[in-house]
Each structure stands twice: as C-alpha cells, then as structure tokens.
Amino acid sequence: MSGAMQDWDLVVTHLIDHAAREHGQREIVTRWADGSETRTGWADIRQDAKKMAQALGALGITKGDRVATLAMNHAHHLVCWYGATGAGAILHTINPRLFEDQLEYIANHAEDRVLLYDAAFRPLVDKMKSRWTTIEHYICLDDGEFRQWIDHQNGDVAWVPVGERDPCMLCYTSGTTGNPKGVLYEHRSTVIHALVALQPAIFDADPQSVMLPVVPMFHAASWGLPWGGAATGIKFVFSAVNDPAVLCDLMRRERVTHSAGVPTVWQAMFHHMDATGDTLPDLRQAIIGGSAAPRFMIERLMRMGVNVAHAWGMTETSPIGTTGAKTYDWDDLTFEQQVDVKQMQGRAPFGVELRTVDLTDMQTVLPRDGVSSGALQVRGPWVIRRYFKAEEDAVNADGWFDTGDVGILHPDGTLQLTDRTKDVIKSGGEWISSVELENAAMGHPAVAEAAALGMPHPRWDERPVLFVVRKQGAQVEAAAIAEFLADKVAKWWLPDAIEFVEDIPHTATGKISKKDLRARFSDYRLSA
Ligand code: ADP
C-alpha cells in the first residue's frame, strides 16, 4: 500500500515562496560596504530571485550548473541564493579569504560557469581571472550592475523544476590538509536542516526575531540561516563589513535580538564594548560555533541576559551537529553550573546521530559515560555521504562519517568536544586536549590569544607547549600563566614551556592554524 498524502518535494524554492507569501513585508536590512543602507522585504527578495533565475536562463545556465558567489552578507547575496537555486543551478559560495591557490582550485574543480562578486573583491577577481578556466560570466553585485542585469527581466517565470534529492548548494571546506573538499548539499537535506535549526534549542527563531548573522554567507552555508530565515520570516539585518563598531551600532538601531558568529567575532565585540561603553540591549540569543567558545565569553553573554547556544558542526554536517540548549534541570543549577553546561557543545537535535570510537582502533564504540574520549562520528540526513566528484564514499559501511574531532559523550547525550584528532597531544600514552589548555589560558586577563601544540619529547612522546600572545600593553610572564593554569587543568597537562609570540596564524575561517604554527616551530625541541 502506498501513502495517500500529497507530492510536495522538499526544495528550497518552497522556502522563499513561503517567505514572500506569509512574511512578504518582513524587512531585510543591508548596511553596505560604502556605509549606505537599504531596506527590502522577503517579497522583494523573491521577485529579484525570479528575475535572476530568468537572467541566468538567458545566459544558458541550466539544471545542475554551478553558479558561484564571492560576496559578503547583503540582500543581493541573499537573492543569489534563491535566484541560482531557483534556476535549477547549484549555488557555490566561495570564501574570499582562501589563498589564491585554493581559490583557483575550487572554482575550477566546481566548474563554476558564472561568478557574482562584490566590488570590494574586484582586484582579487581581476587577478584570478586568467587562472579560472570555466567561468564564462562575471557579474558585479553592488555597483548597479547586478540590478541592471536582473531588471532586464520581468520575473514572470516558474522556478526550474528539480527533485528533492537534487543538489542545490556546494561548499568547500577550507582544507587544513591537502586541497579543499566540496560538500554537495541536496534540496531535501537543506530544507530539513533549515527547519530543525529554527527550534528553541538551536536558533530559537520565529517571526519576531531580528537576526544579524555575523557568520558569513560563504562559511558553511551561513549555518543554514538564509534558508531557515525564510521558513519563519525572520527579519534579517546584514552588514557587508565586519567592523564591531558598525555591528554594534546596527544591532542597537535595528533592535537585533539574535546573532550568530565564531568566538573571535564576539571577542572583537567585547573589545569594542569595553572601549566605548556600547551595549546590546535587545540581544537575547547568541549562537557561537565554529570553534570552542571560551568560558569567559559564555559567562559574559549570560550576565548580559543573553541565552548562549554553543554549537558544534562542520561543513560536512550542513553544518549543525549539536547545540547547547538549557537542560531540563536548568533552573536548579547555580550560575557556575549553568556556565559549565553551556561550555560543552550541547546535544544532537533530531536528525543527527553521534557516537565516539576508540582513537587507536577507530571502531570500538565507547560508552556515553562522561569520561571516555574518542573519535567523534556522525550520521543523519544532512551529513555528507561523499565529497563532490570523489570516487568513494566518505562514510563507513554503516554510514558513519568520521569528523576528525575528538570528544566525550555524557550520559545525557551532551557532547564535550576536546580536540581535533590531529591536534590532540599524546603524553606518555594519555591524551591531553590542546583546546582545553588554550581556553583555560585565554581566561587570563593579560592573554589575547593562546595555542597549545604537542612537541616531541624524548621521554613522554609529546608534551604540551603553550604559545601566548599578550594583550596590548600587558606585562605577564610565563610563571604567572603557569600559576593561573594550575587549578584549571590536571597537573600533568600543565605545559612544559610557555612561549610568548607576536601573533598566532589563522585559517581562512578565522580559526587558529595549528598546521602553520607547527611549521613555524618545526625546529622547537624540549629537553628531557
Ligand atoms: P573549516 O575547517 O573550513 O573552518 P568547518 O566549519 O567545517 O570548516 O570546521 C569544522 C570544525 O570546526 C569541526 O570539525 C570542529 O573541529 C570545529 N568546531 C566547530 N564548532 C566547534 C565548537 N563549538 N567547539 C569546538 N570546535 C568546533
């Protein structure tokens, strides 16, 4: 017997149709790079996306073609998301902070046919043009060219029909080792992910929400916000620049209630707020992810009356894997205990299955006992099966994808991420979490940034060395940091050396680049 309900594929064009129909006037505000501001609404976004789909059709773009963007967060970029997918094409959001070799590789590997770019990236585009071999059309997004291009069309077209298992979006990981790898999202995986992400435990979004996503639209599908936002009629406030003064000003004026970004974003906001006395009176939900949120950050936001959703995920998981929601016994916990809960990476929503396996054999499943630490594996409808153009699946026979992360699962399912498999420090057969060391050190008032590396050690295999950037003008010495760490981590975790450096290298997504730091200190030796 077959079911007797309607055919209604889960495709992303349904999201924008819904937003235009039910939340057409809900605003989309953009603060552009030149300081000007515009206001449109979901109905306008859909109308422009229709025109863009038509304009892409006129260029000969058909189902499955790749349409790339090299752009910051703004209304035209949002139009591209729905215009490209509405034309049946696959939206490829390129991270402009990638190195030139990576930029060359991914656009050619994706076989992008069209590139839509911000005027700010014109010098980069001009430089790369001769190296990009498949791009036929270059369209600038914010100097009138985009408007002119789409305004040639009347927008009176149907979306190009696609099925829910067809691909809609392509995102590359920044590739900490080797070439970046493409993750090809489907319409179905994208829509399910978007709907799940709206729930109170994650983005906690509804039509009253005013969201300023600091997470760029080119990073891990902007955590699915442009899709989920349409499903619930969020008011979006976009800023094409990431200056904390601009962000704070916009947040105050537009009464922003929700924001999402990596820890470094919040760090920059705090610096600005401390220097100017600026406040964020309407903010009530802060989503922090992409790397571990330090304790002081969570604590400070909580003291501001903000609910922190500390999220773990990766490009390969669309990207939401877990989020730190309030636990059932939240009201019985002390403030300190509540911060403890939020410092972990939270629990899996429906749709994500997690397990940890032994780091040595990579197959013995570990108990959810709050102590066993192992390789984190994941599966579910919005988790990768195979990288774009790869010959083999990226999952094992049972569908588990190995995340490259190391974590502990607690009895209630809470994930405590401790490291990346390749960064974890192996000392005398035991594991030391580099991330925990770093975060503990970052709590010191004189420390701007800290990174821990496992350095070869004649007796212990590896021992931790902590690299520290002092805050401007701060006068701290190694002994004071060691003393500060003493009651925060196990004694045998304490670094064998603390070295002060001018800066710590970062990846294109703003995370500490252990690979580059390791290369810089490849001659470093510890004595027995
Ligand atoms: P990229 O490597 O290009 O920055 P991803 O966004 O896919 O791309 O990075 C995912 C990785 O970021 C995860 O595998 C994990 O190591 C790290 N990460 C993400 N969120 C968190 C978090 N809340 N805490 C600690 N690490 C995190």
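Given 37 °C and 0.692 mPa s, how large is the Stokes-Einstein diffusion coefficient of the chain in µm²/s, with Rh as the Kirkwood radius over Cα pairs? Let's see the in-between values first.
Working: Rh = 24.1 Å.
The diffusion coefficient I find is 136 µm²/s.
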Among trypsin sites (Lys or Arg not before Pro) in the range 215-310, those in a DSSP loop whose Cβ has at most 11 other Cβ atoms within 10 Å are none
Amide H contacts under 5 Å for residue 93, placed H, 5+ residues apart: 69, 170
So for the chain, averaging the separation of alpha carbon pairs under 8 Å that are six or more residues apart and normalising by length, what relative contact order in percent results? 10 percent
Holding the Cα-Cα limit at 21 Å, pick out from 181/515; 326/422; 326/491; 471/491; 326/514 the pairs that are longer than that. 326/422; 326/491; 471/491; 326/514
Candidates per chymotrypsin sites (Phe, Trp or Tyr not before Pro) in the range 345-402, loop by DSSP, up to 13 other Cβ within 10 Å: 350
Given only helices, namely DSSP H runs of n ≥ 4 each adding -39500 (n - 2.57), what is the per-residue ellipticity at 222 nm of the chain, to the nearest 500 deg cm²/dmol? -8500 deg cm²/dmol
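With a/c under 1.5 counting as rounded, go ahead and sort the range 452-508 into rounded, prolate or oblate using the C-alpha gyration tensor (a ≥ b ≥ c being the square roots of the eigenvalues; past the cut-off, prolate if a/b is larger than b/c, else oblate). Before the final figure, lay out the partial values.
Details: a/c = 2.17, a/b = 1.26, b/c = 1.73.
The shape class here is oblate.
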Sites residue 516 and residue 255 - FRET efficiency at Förster radius 30 Å, r taken between beta-carbons, to 0.05: 0.15
Which residue, chosen from 367, 408, 395, occupies the Cα position most advanced towards the positive end of the dipole of the range 353-420, where the dipole is computed from +1 (Lys, Arg) and -1 (Asp, Glu) charges on Cβ about the Cα centre? 395
Loop trypsin sites (Lys or Arg not before Pro), the range 437-521 (other Cβ atoms within 10 Å of the site Cβ: 11 or fewer; DSSP): 459
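Tally Lys/Arg at +1 and Asp/Glu at -1 over every other residue whose Cβ is under 12 Å from the Cβ of residue 267; what's the total? Spell out each step's value before the answer.
On the way: positive: 300, 471; negative: 274, 449.
Result for the local shell: 0.
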Restricting to bridges with both residues inside the chain, how much of the DSSP beta-bridge set is antiparallel, in percent to the nearest 5? 55 percent
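Excluding residue 457 itself, what net charge comes from residues whose Cβ is under 11 Å from its Cβ, given Lys and Arg +1 and Asp and Glu -1? Display every interim value, and only then the final one.
Values: positive: 426, 459, 463, 525; negative: 461, 462, 496.
Here the count lands on +1.
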Charge sum, other residues only, whose C-beta stays under 14 Å from residue 217's C-beta, Lys/Arg counted +1 and Asp/Glu -1: -1
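Full-extension gain between residue 334 and residue 246, please, as 0.36 nm times their residue separation minus the C-alpha to C-alpha distance. Display every interim value, and only then the final one.
Values: separation 88, 0.36 × 88 = 31.68 nm, distance 3.52 nm.
Taking 0.36 nm per residue and subtracting the Cα distance, the gain is 28.2 nm.
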What ³J(HN,Hα) values, in whole Hz, does the Karplus curve 6.51 cos²θ - 1.76 cosθ + 1.60 give for the range 188-203 when θ = phi - 60°, with x put for Gly and Pro? 5, 4, 5, 5, 5, 4, 4, 5, 5, 5, 7, 4, x, 6, 10, 7
Residues whose built amide H sits under 5 Å from the amide H of residue 345, excluding neighbours closer than 5 in sequence, are 415, 416, 417
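Using DSSP loop states and a limit of at most 16 other Cβ atoms within 10 Å to flag GluC sites (Glu not before Pro), what is the longest stretch of the chain containing no flagged site?
On the way: sites that count: 111, 136, 391, 392, 477, 502.
The longest uninterrupted stretch comes out as 137-390.
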Residue by residue through the range 31-40, the couplings from Karplus 6.51 cos²θ - 1.76 cosθ + 1.60 with θ = phi - 60°, in Hz, x for Gly and Pro, are 9, 7, 4, 7, x, 6, 10, 10, 10, 10
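Readers should treat all values here as calculations from the given coordinates under stated rules, not as data from a laboratory. Since the structure is predicted, the reported quantities are computational estimates derived from the model, not experimental observations. Ideal geometry is used to build each Cβ from the backbone, glycine not excepted, and the neighbour counts take in all protein chains shown.
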